[in-house]
Amino acid sequence: MRFSVISLFAAAALAAPLVSAQTAQASASASTGSRRDIVSYVEELAGNTAAQLRAVQDENAELETRVIELERKIASLQETNQKLLNEIASVKRQSAADADAREAQMKAILSKIDKLAATPAPATTVPTPVSVADDYDIYEVQKGATLSVIAKAYNVTVQDIKKANNLKSDMLQVGQKLKIPRK
């Protein structure tokens, strides 16, 4: 068995009071008793001390085993902790890289918006009716157009269009220009 300094000191400390008390008893016995009793008593004392020493050694061995086990657990926890710290650092680096990429994308988008804002919008032409006078719009007759359709579109009557254009019939020519009275 392995003996540590601590276990030996502990055994000696436990045995010292017993030895002193038992030695005193042995002295008293020696004067009154026989030698055989003294030898028997000393053997018993040695056996008790040896048993106590074995108990202390067993307890010491158990404690050493527990210490070794705890040291292994500590090492494992330190390793796990280091892995987690490395993962956290990696996540932080990736997050920073993602933030930089998003910022670059936003700058590119803003740059495109600025360019579009600086570019003048193309001129759009909205066809406006040609006015002969402030009271009339001019309509150019399209294929399939009739006086009733034109009147409905401008919210006037067929008679209003005929009167404004001095028309005698409902017949129209493609490309003919009609004055449409404004209401």
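Here, each number is a calculation from the coordinates, and none is a lab measurement. Not measured: the values here are computed from a predicted model. Here the Cβ positions follow ideal geometry from the backbone for every residue, glycine too, while neighbour counts run over all protein chains shown.
Residue by residue, here is whether (1) crowded, with 16+ Cβ neighbours inside 10 Å; (2) part of a helix (DSSP H, G or I) holds:
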site	(1), (2)
Lys143	no, no
Val149	no, yes
Lys162	yes, yes
Gly175	no, no
Worksheet item: In segment 40-66, which residues are among the β-branched types (Val, Ile, Thr) and either touching a residue at least 24 places away in the same chain (Cβ under 8 Å) or loosely packed, with under 10 Cβ neighbours inside 10 Å (or both)?
Response: Thr49, Val56
